[in-house]
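> The structure is given below, and queries will be raised subsequently.
Just so it is clear, none of the values below were taken in a lab; they were calculated from the coordinates. Fair warning: this is a prediction, and the values are worked out from it, not measured in the lab. Cβ sites come from the backbone with ideal geometry, for glycine too, and all protein chains shown count toward neighbours.
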Amino acid sequence: MPEQDRQDHSRDQPRYKIAFLNGIFLLAMGLASAIGVYRLTMPHPLATIDFLIAGAACALWFYLRQHPDQVERVASIALALGFLLFLAAYLVAPQQGNRLSLFFLFSAAAFFLKGIRVGLWWLAAIIAAIVLGYLVRGGGSNFSGADLGTAILYLVALAGVFYFHETLKNEELARQREHDLRRELRVRMEHEKQLERLAHYDALTGVPNRVMLADRLAQALARAKRDQGLLAVCYLDLDGFKPINDRLGHAVGDRVLVEVTRRIRESVREDDTVARLGGDEFVVLLVGLQAAEECVGSLQRILERVARPIAIDGEELALSASIGVALYPDDEEDAETLLRHADQAMYLAKLAGKNRYHLFDPASDRRARSHHQLLLEIRGGLAGGEFELYFQPKIELASRRLAGAEALIRWHHPRRGLLLPGDFMRAVENTELEIELGEWVIASAVDHLRRWREAGLRIEIGINISAYHMQSAGFVPRLREQARRYAPQPDERWLQIEVLETAALDDIARISALIAACRELGIGFALDDFGSGYSSLTYLSQLDVDTLKIDQSFVRDMQSDKGDHAVVQGIIALARAFDMRCVAEGVENEAIHQALLQMGCELGQGNGIALPMPAAALAGWQPAPRQGTYDLLS
Ligand code: C2E
Ligand code: MG
Ligand code: MG
């Protein structure tokens, strides 16, 4: 018998055992006191024993009342006392055969109170006592050996009856228990199933929820990878659901959602998954596609069916859906990213006017992402001091003396190494960051100017400023602050703003005003890359700039290309006519240098003269002497 069952069995017993014991105690009390009183009247010496028995029964009865939980212990004590009493009675007066029958009662009580195992021990003790008593008092007994044998047989039979009774009862108990266990298991499984449903399915619509969707999406993606098939992840958001919910209440909103879910499910195939993420957001997985066009039918069906009016309580409710679609493997991403892309595309579908689908475009996303990433990196680089100004000398072509330098921005990119403006300036064009970078360039140029001045070098620095930056609010006051920091001498040429010819002519009136304001601060202007735009002479005459920088593309090829030669020649003449200085960019070799000189160009800048260099190198830079002497113009 399993231990558990035995415990359960004994747990059923206490009430009966207590009643039984109480009965015995009361009976013993009553009988023993009555016999005691009777014996007192005789008088008889055993009266004291009777009262002792009554007292003991009374004490046990009382104890059991106070401690019903101690029923097992009380039963053991009662059995021990009873055994001693019956044994004494049997030993003192074996001739009274009826005393043997007391042992039957005792044995039955032992089986009842202590169960079959302990009961058998008691039975063995009783039989031993009877046989021993018979042997000790043999002659004095008034019952024969046969009586004794019969008594023992009865006792064993009694044990047998108890044994079978108990076995049957335990079997019944085991059956009951097994039945209970099965039922409990069934209930628990049912409960778990319910929990599982709650965890994986949307309670309102019954379709998979976010958790289940993740599972299905992972499976669908794995299958698409294995079979080289297509998978469309569609993110669907209802248009106009919120007003319905707000106006007609959540109960109606819920009914609408249930109906919409039904319609979406109706529009797709059995194998496809429709999941609700919450609110009015759904995700549809279209699987087993061979070509991208195949999902168009499903998408159009969904759009068309969702847009049909929904009749609720006599009212026709109008809704539509905006769907964003990410197509695997066109968009070769993991599940989470596909979902995000579909969500982004859904947003674009909304922007484009709702009630439509929009396909996510991985290529344009990559472009946007790398652009965004670049902007982040530039911002970080600016904060982290990764930018540096290089300086490229400008010289007087005739004397070969240093006439100034152009500040050119460089980026020491932690991964990509030294980057040129062409690698990153386009990204910041017309953004706040372009202004921040430009302000940094100005401040940094001023720092260098101050340091050079302290070292005895006065030089004019050209800085490249975009038209967007120049026209931003507060440009002139900020420049004024920098001028105050540098404090130039009156008439000192210290800073020259190079602005692209094309940009300067965009808004002549504004740029003219800016040029005038800068001139008051001793800051000059140059039109950069001159010749590459389409300046008309009228415009040029209106701009009070002091320098034209001939675009290097003309200078480089002017010796082989007649057209370029004519342009250079023309710009030089133009500068002279308008009383402007002229700088030729792209002086790559001595031949160009000489040619420019002959054409009457005053200043030159280019890799043939010097490559752009760090600020520290500029202070000690010496032009290579060729014809005439290079020295510093101070
Ligand atoms: P830019 O103002 O016309 O500057 C001259 C560019 O031509 C520089 O390129 C210079 O290194 C390059 N260069 C000079 N001499 C030669 C030569 O002989 N041959 C050739 N092939 N190239 C020569 P860089 O530094 O790459 O700058 C490119 C452009 O980026 C600049 O053209 C300017 O428009 C812009 N830029 C440079 N620094 C800044 C800046 O701080 N702010 C802004 N907004 N733009 C800048
Ligand atoms: Mg320039
Ligand atoms: Mg230029």
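> Pairs of Cα atoms under 8 Å, at least six residues apart: use those to get the relative contact order of the chain, whole percent.
Relative contact order here is 8 percent.
> Run the simple label-point estimate for ALA218 and GLN559 please: 7 Å along Cα→C-beta, distance reported in nm.
7.0
> Restricted to Cα positions, what overall size does the stretch 489-630 have along the principal axes? Three whole-Å values, descending.
Rounded to whole Å, the extents work out to 43, 40, 23 Å.
> In units of 2.2 N^0.38 Å, what is the alpha-carbon radius of gyration of the stretch 210-360?
Output field value: 1.02.
> Same structure again: Once the principal axes of the Cα atoms of the chain are found, what is the range along each, listed largest first in whole angstroms?
Here the spans come out as 163, 70, 48 Å, largest first.
> List the GluC sites (Glu not before Pro) in the stretch 248-323 that DSSP assigns to loop (not H, G, I, E or B) and whose Cβ has at most 16 other Cβ atoms within 10 Å. Which are they?
Taking the stretch 248-323 and a limit of 16 other Cβ atoms within 10 Å, the loop GluC sites (Glu not before Pro) found are GLU270, GLU293.
> In Å, what Kirkwood hydrodynamic radius results for the stretch 3-179 from the alpha-carbon pair distances?
17.7
> Under the classification rounded if a/c is under 1.5, otherwise prolate if a/b is larger than b/c and oblate if not, where does the stretch 554-595 fall, given a ≥ b ≥ c as square roots of the Cα gyration tensor eigenvalues?
Since a/c reaches 1.5 but b/c is at least a/b, the shape of the stretch 554-595 is classed as oblate.
> Under 18 Å from the Cα of LYS394, which lysines turn up, not counting those fewer than eight places away in the same chain?
LYS549
> When the chain is fully extended, how far beyond the present Cα-Cα distance does LEU382 get from LEU26, taking 0.36 nm per residue of separation? Display every interim value, and only then the final one.
On the way: separation 356, 0.36 × 356 = 128.16 nm, distance 10.13 nm.
Full extension from LEU382 to LEU26 adds 118.0 nm.
> For the stretch 379-448, which GluC sites (Glu not before Pro) pass both filters: DSSP loop (anything but H, G, I, E, B) and at most 12 other C-beta atoms within 10 Å?
Here the sparse-neighbourhood loop sites are GLU429.
> Ok, one more. Mind listing the long-range amide H neighbours of TYR357? Cut-off is under 5 Å, sequence gap 5 or more, other chains count too, H placed in the peptide plane at 1.01 Å from N.
Result for TYR357 returns ILE323.
> Express the Stokes-Einstein translational diffusion coefficient of the stretch 360-481 in µm² s⁻¹, to the nearest whole number, given a Kirkwood radius over alpha-carbon pairs, 20 °C and a viscosity of 1.002 mPa s.
This corresponds to a translational diffusion coefficient of 132 µm²/s.
> Could you pull out every residue, at least 5 positions away or on a different chain, whose amide H is within less than 5 Å of the one on SER532? Hs are placed 1.01 Å off N in the peptide plane, and Pro or chain starts have none.
Distant-sequence amide H within range of SER532: ASP551.
> With axes computed from alpha carbons, what is the tilt in degrees of helix 47-66 against the longest principal axis of the chain, rounded to the nearest 10 within 0 to 90?
20
> Less than 14 Å Cβ to Cβ from GLN219, Lys/Arg counted +1 and Asp/Glu -1: what total charge do the surrounding residues give? Present the calculation step by step, with values, prior to reporting the outcome.
Numbers: positive: ARG216, ARG223, LYS225, ARG226; negative: ASP215, ASP227, ASP271, ASP272, ASP334.
The answer is -1.
> For the stretch 446-512, evaluate the Debye formula with one uniform point scatterer on each Cα (no solvent term) and list log10 I(q)/I(0) at q = 0.14, 0.18, 0.24 Å⁻¹, rounded to two decimals.
Log10 I(q)/I(0), no solvent term: -0.49, -0.76, -1.11.
> Once you sort the root eigenvalues of the Cα gyration tensor of the stretch 444-567 as a ≥ b ≥ c, which label holds: rounded (a/c under 1.5), prolate (a/b larger than b/c) or oblate (the other case)?
Because a/c hits 1.5 or more and a/b fails to exceed b/c, the stretch 444-567 counts as oblate.
> Using DSSP to call loops (not H, G, I, E or B), can you name the trypsin sites (Lys or Arg not before Pro) in the stretch 359-428 whose Cβ has at most 14 other Cβ atoms within 10 angstrom?
In loop regions of the stretch 359-428 (DSSP not H, G, I, E or B), the sparsely surrounded trypsin sites (Lys or Arg not before Pro) are ARG415, ARG416.
> With axes computed from alpha carbons, what is the tilt in degrees of helix 145-200 against the longest principal axis of the chain, rounded to the nearest 10 within 0 to 90?
Between the helix axis and the principal axis of the chain, the angle is about 20 degrees.
> Further question on the same structure: Compute the long axis of helix 71-92 from its Cα atoms, compare it with the longest principal axis of the Cα atoms of the chain, and write down the angle in degrees, 0 to 90, nearest 10.
20
> Follow-up. ³J(HN,Hα) across the stretch 380-396 via Karplus (A = 6.51, B = -1.76, C = 1.60, θ = phi - 60°), whole Hz, x for Gly/Pro?
x, x, 5, 5, x, x, 8, 9, 8, 8, 9, 10, 10, x, 10, 10, 6
> Moving to a separate point now. Treating only the Cα positions of the stretch 230-309 as identical point scatterers, give the base-10 log of I(q)/I(0) from the Debye formula at each q in 0.16, 0.22, 0.25 Å⁻¹.
-0.59, -1.00, -1.22
> How would LYS225, LYS350 line up from fewest to most surrounding beta-carbon atoms within 10 angstrom?
LYS225, LYS350
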